[in-house]
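Structure record follows, encoded as structure tokens.
The values are calculated or read from the model by the stated rules, or taken from the named source; none is laboratory data. Computed from a prediction, not measured in an experiment: that's the story for all the values here. Every residue, glycine as well, gets a Cβ built from its backbone with ideal geometry; the counts of neighbours run over all protein chains shown.
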């Protein structure tokens, strides 16, 4: 090796990471051990290698000791590999003369016995030292970034991200599965803690999306295919037919009046079945776009073909309604994508002891959001299904949250929205409202003050997880009521509280289709099923796939302020890439040693990206390094060892294997 | 066999799922046995038959390959290639008198930090039962030349 | 006026740790004190400490208070708590453990029939392999509070006339194969 | 002849719960489901034993499972909810805590046996439909509240859903018995408390009776000898305590099914009832067989 690029002079740096490593790995011993390894001319240990003094150390030593290989034993390369490579570059060394040893995530944090942890760390360092000797100088490639952006999901997160990008002059494709944008927020009446009307702050943004010259809005559509790589994604979008042409329709809604179904008979999804709609309908008055949808499931024309299609007549010469419309497939090219696919609420039927679906007066919080909503099924009246006004209401917190039997996580918004609903219900009905909570969680600007406000409004707060909601009566005072049985853990006894209405504060969970979306965009999910960010603190909107960003509740439950903030951040990350104009690629691509290639074509079938092609005239394979993503599968498959992968050369990995088995 | 036998495992972890799972195990401070040492590859599909043979030749008692779950491969289907290769490898190793349990292929997603613990601890237990890969020198030599 | 003040020296944290190692009690320290157990427990309303408070006592190491409580004896092991606990703590098993300890240390309320019944039941089954309801109740009453027999006369008669009161003292043949007397102890 | 289920009566079915055994045997005979009682079975170890010595309580249960294994049974029927729970819990713990299995040889093998409750056997192995087809007698009684009690549906069970079991309702429904929606169907009856802390036990059962009556039930169907005993034996006492109280028959679901499928009345143990004897007279003793009934 030395003849290829001069004598190998390795510098090894062992990081204490404060006590994170030093507490469990004997860093001094490790540094001393490293100093004695072949080709190592210098070995140091330092408190924080990633700090700028730490990086300076490397730069300085490169100059002072003519180091030409660097090994840093610290944390995961996913965290700081880039940092140190940059340090090498600044120090005047090719950044790929570097290898990182993960002695934190893989030693100090996962082992308790110091001797064993240190032994393992030594092996790993030894492996790195042997490996790095074989490293070659490499150049990063550059790929141009297509300036257009795909935003998936038209909730508040998607809307905000789209507008931010559009206002910055980038073209955005906003794809929404439902017939309207707005997401969950459009269902709310007021928002906590300020109680400003959700519609008033959301609908302007919605119409801004519709009218923005830089935004292509595709509702009733879904992404079905994503090819390519950062900067150059090729996306296929399927646009379901709504049977009403968005460009021709003026939103007069006369077709709704005209529909032969005089009565609305179909349960209205937007109102969670609390009201009825017609086969041709608009999800809600402020829907964007203001274009009706025809539901083929219930439209007579679709079922029998014998409808008078009065809707078409009503539409007149606009000819916006076309019941023969078919799905459209759109192909677009974008450089980056922001996933804002949101959440779904926990299905309260999974906690049968709360009687949802059994007792009509047990509601989910989202249903009550619709009840209190001025444009909801009851025009803002909080009434029971039988029309009565509730005189006592119980709000059960943590339904499907903080529970090993359902979901372990805290859904973060339930405490606050329960407070909001408590306030609104009391305001509208004057009812006695009881909150049943395990812990009140009001961390946020103005949240605690809102909690105080409700305490002063004499809303009841009972600390205890409700055991059951039943209709059995203990005595006459409970006749005809739903009874909440709970231990009042603060007063210290079990209570039975008869109520007219039970509100279940259901938690937030990943959408059922999250796994498909995840595969589509080649990103990971965290254990609970939400999309996994690249780093919980340092890269909360990035994913492990470059150019794919996250916004809103698809990453974890969060409230509207946080969602909007995250959407802004995601937009900024996308802009950063776009305005840079290009992105540097890892040079870990494969290439064919033509003289060794026997032309057996094994590699061709290995590559999912068609990066390996067969050159007939020389009867050998060749790798297109632009298309190659650097998985190395072809390398492993090549029977004659004619394909090599940068940064993962056979001899590099062999050296590493020998290293880890060197029995330090 | 001696109780103090500490098996040595070489673990080839793919960069996108299993290596991240190991990172997660770290950040969640999950404790597992220190017998496995990780060699990072971009994809389990990169794991060359030679790597495994080399590992056994150089004194590994077991080899663990970790990739993304089927359908989740960061490179679409590298893990399937790994699976194919793994089946072939097992047959090969069997002929060399190396027990099946010494080579293990596991799908571990980035979310499954605890799975890393389970798999590694299980494998150490198995290898302790099997004992060291006490191949006579010529056997190792044989392996070496194959590798 | 009774002073109620707990001094930390009364807390036996090592004991708390031991309890949390018993089968079913693993989750003890993850308890949220949410009270789901007490809320769903049909007997909590008769207990001196609700099941939730027992868990609190145990994990803070207040051994004597927990063991001398009536609560652990009132637990009819209906396992409702285990089903509802958001931390999947098998509180009924916690109770069993405490009962066993209470009996070892004779810490249960004096002449309280439930522990007496348990012990008589245990003896009978150990010696004969089966329990004979009539004799069991008789022994329990004699050893705790004979007066309760009076209240049982009518029920007894009802059972007798419907042929549900057997005076046979059941016994299995292969007594040897029964677990022999073991000093009460936990299974780690 | 299918090979028989192992049958573990447990102590109660030989004493206060004898009607359960009688009706169970009769019913299973009617359905050609042979039962073979374990030879020399011992007490399951139940609740009380568990309080003294958990380890040998498990051993007690394990001995029965071992007997079943020796007798070549793959499935063991435990009609008493307490026995059912203890046997299953023993297996569950032997599985999860090797420490427990280590204390006892039986525990190793006992996992092979599938412990089952008659309700679950009838529901899954036959099912409401096939039982409906065997129907012989029209239901002429009133509405019934299905009371499952606690231990049959709790953590270790597979007998039914733990919060809102439905299988007894569906089986009785299949033979034309109208059942009421009974919110207390899994609330504990107090178990042995009626014998030890009498007043407490009484209050628990009283609540169960009142609610059933309020929901319009004229009888309660049970799956457990202890539940049946507690609900049945003390009604007269309650009557004396507070003037009015329903005199309500407490039946085993096996008695009702047995009757509906044409079982011989004497063999179903109706005469063992303490409460609601008049109602039972009216409902069950008029023996008008209608073969054509429901058979489609």
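Residue-wise test of (1) in the same structural domain as residue A:113 (by TED's automatic domain parsing); (2) exposed (fewer than 15 other Cβ atoms within 10 Å of the Cβ); (3) under 15 Å from residue A:133 (Cα atoms).
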position: A:10; (1), (2), (3): yes, no, yes
position: A:26; (1), (2), (3): yes, no, no
position: A:41; (1), (2), (3): yes, no, yes
position: A:44; (1), (2), (3): yes, no, no
position: A:50; (1), (2), (3): yes, no, no
position: A:59; (1), (2), (3): yes, no, no
position: A:65; (1), (2), (3): yes, yes, no
| query | What is the number of the single condition among (1) under 29 Å from residue A:154 (Cα atoms); (2) touching a helix residue (DSSP H, G or I) at 6+ places or on another chain (Cβ under 7 Å); (3) not in a strand (DSSP E or B) that residue A:313 does not meet? | reply | (1)
| task | Evaluate the range A:415-427: report whether one residue or more is free of Cβ contacts under 8 Å to residues at least 60 places away in the same chain, in a helix (DSSP H, G or I), surrounded by fewer than 22 Cβ atoms within 10 Å (Cβ to Cβ) and more than 14 Å from every other protein chain (Cβ to nearest Cβ). | result | yes
| field | helices (runs of 4 or more DSSP H) wholly inside the range D:18-129 containing at least 3 residues that are at pLDDT below 85 and away from chain C (no Cβ under 11 Å) | value | D:105-110
| message | Just to be sure before I move on: is residue D:162 under 26 Å from residue D:45 (Cα atoms), within 14 Å of chain C (Cβ to nearest Cβ), surrounded by fewer than 22 Cβ atoms within 10 Å (Cβ to Cβ) and touching a residue at least 60 places away in the same chain (Cβ under 8 Å) in the structure I sent? | response | no
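Given C:14, C:60, C:26, which one is at pLDDT below 95 and on the phi < 0 side of the Ramachandran plot?
Going through C:14, C:60, C:26 in turn, just one is at pLDDT below 95 and on the phi < 0 side of the Ramachandran plot: C:26.
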| query | Among the strands (runs of 3 or more DSSP E) contained in the range A:561-664, which hold 2 or more residues that are free of Cβ contacts under 8 Å to residues at least 40 places away in the same chain? | reply | A:612-615, A:620-623
| request: Output the number of the condition that residue C:61 fails; it satisfies all remaining conditions of (1) within 11 Å of another protein chain (Cβ to nearest Cβ); (2) touching a helix residue (DSSP H, G or I) at 6+ places or on another chain (Cβ under 9 Å); (3) assigned to a loop (DSSP other than H, G, I, E, B). | output: (1)
| task | Mind counting the residues in the range A:543-575 that are farther than 15 Å from residue A:157 by Cα and surrounded by fewer than 21 Cβ atoms within 10 Å (Cβ to Cβ)? | result | 4
| So which of C:69, C:38, C:50, C:77 is closer than 30 Å to residue C:147 by Cβ, under 18 Å from the mean Cα position of the chain (by Cα) and modelled with pLDDT of 95 or more? | C:50
| said: Among the residues of the range D:79-96, what is the count of those that are over 15 Å from residue D:60 (Cα atoms) and surrounded by 24 or more Cβ atoms within 10 Å (Cβ to Cβ)? | reply: 3
| Output for the range D:249-289, where each listed residue is part of a helix (DSSP H, G or I) and farther than 25 Å from residue D:212 by Cα | D:265, D:266, D:267
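Considering each residue of the range D:130-159, count those that are in contact with a strand residue (DSSP E or B) (Cβ under 6 Å, 6 or more places away or on another chain) and either away from every other protein chain (no Cβ under 14 Å) or surrounded by fewer than 21 Cβ atoms within 10 Å (Cβ to Cβ) (or both), and give that number. Walk me through it before giving the result.
The initial filter retains those residues of the range D:130-159 that are in contact with a strand residue (DSSP E or B) (Cβ under 6 Å, 6 or more places away or on another chain), namely D:143-147.
Going one step further and asking which of them are either away from every other protein chain (no Cβ under 14 Å) or surrounded by fewer than 21 Cβ atoms within 10 Å (Cβ to Cβ) (or both), we end up with D:143-144, D:146.
Total meeting the criteria: 3.
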| Among the strands (runs of 3 or more DSSP E) confined wholly to the range A:96-158, which include 1 or more residues that are facing chain B (nearest Cβ under 10 Å)? | A:98-102
| said: Considering only residues that are touching a helix residue (DSSP H, G or I) at 6+ places or on another chain (Cβ under 6 Å) and within 22 Å of residue A:364 (Cβ to Cβ), which ones fall in the range A:191-210? | reply: A:191, A:192, A:193, A:198, A:202
| request: Could you list, in sequence order, all residues of the range B:1-25 that are within 23 Å of residue A:662 (Cβ to Cβ), facing chain A (nearest Cβ under 7 Å) and touching a helix residue (DSSP H, G or I) at 6+ places or on another chain (Cβ under 6 Å)? | output: B:10, B:22
| query | For the range A:343-368, which residues satisfy the criterion of being in a helix (DSSP H, G or I) and either within 12 Å of another protein chain (Cβ to nearest Cβ) or free of Cβ contacts under 8 Å to residues at least 12 places away in the same chain (or both)? | reply | A:349, A:350, A:352, A:353, A:354
| note | Flagged in the range B:45-57 as touching a residue at least 12 places away in the same chain (Cβ under 8 Å) and under 20 Å from residue B:98 (Cβ atoms), in numbering order, are B:47, B:49, B:50, B:51, B:52, B:53, B:54, B:55, B:56, B:57
| query | If you go through the range C:103-140 one residue at a time, how many are in contact (Cβ under 8 Å) with a residue 12 or more places away in the chain and more than 9 Å from every other protein chain (Cβ to nearest Cβ)? | reply | 9
| request: Mind listing whichever residues of the range D:179-203 are more than 7 Å from every other protein chain (Cβ to nearest Cβ) and in contact with a strand residue (DSSP E or B) (Cβ under 7 Å, 6 or more places away or on another chain)? | output: D:179, D:180, D:182, D:185
| Any residue at all in the range C:75-91 that is part of a helix (DSSP H, G or I) and more than 14 Å from chain A (Cβ to nearest Cβ)? | no
| field | residue A:138 being farther than 23 Å from residue A:54 by Cα, surrounded by fewer than 22 Cβ atoms within 10 Å (Cβ to Cβ) and under 35 Å from the mean Cα position of the chain (by Cα) | value | yes
| remark: Every listed condition ((1) within 22 Å of residue D:41 (Cβ to Cβ); (2) facing another protein chain (nearest Cβ under 7 Å); (3) touching a residue at least 12 places away in the same chain (Cβ under 8 Å)) holds for residue C:167 save (2)
| remark: Restricted to the range D:1-17 and to residues being within 14 Å of residue D:116 (Cβ to Cβ) and more than 14 Å from chain C (Cβ to nearest Cβ), the residue surrounded by the fewest Cβ atoms within 10 Å (Cβ to Cβ) is D:4
| query | Is the range D:175-183 home to any residue that is closer than 19 Å to residue C:44 by Cβ, assigned by TED's automatic domain parsing to the domain that holds residue D:261 and in a loop (DSSP other than H, G, I, E, B)? | reply | yes
| field | Options A:486, A:502, A:494, A:466; residue that is more than 14 Å from chain C (Cβ to nearest Cβ) and crowded, with 20+ Cβ neighbours inside 10 Å | value | A:502
| query | Considering only the range B:66-84, how many residues are touching a residue at least 60 places away in the same chain (Cβ under 8 Å) and more than 8 Å from chain A (Cβ to nearest Cβ)? | reply | 1
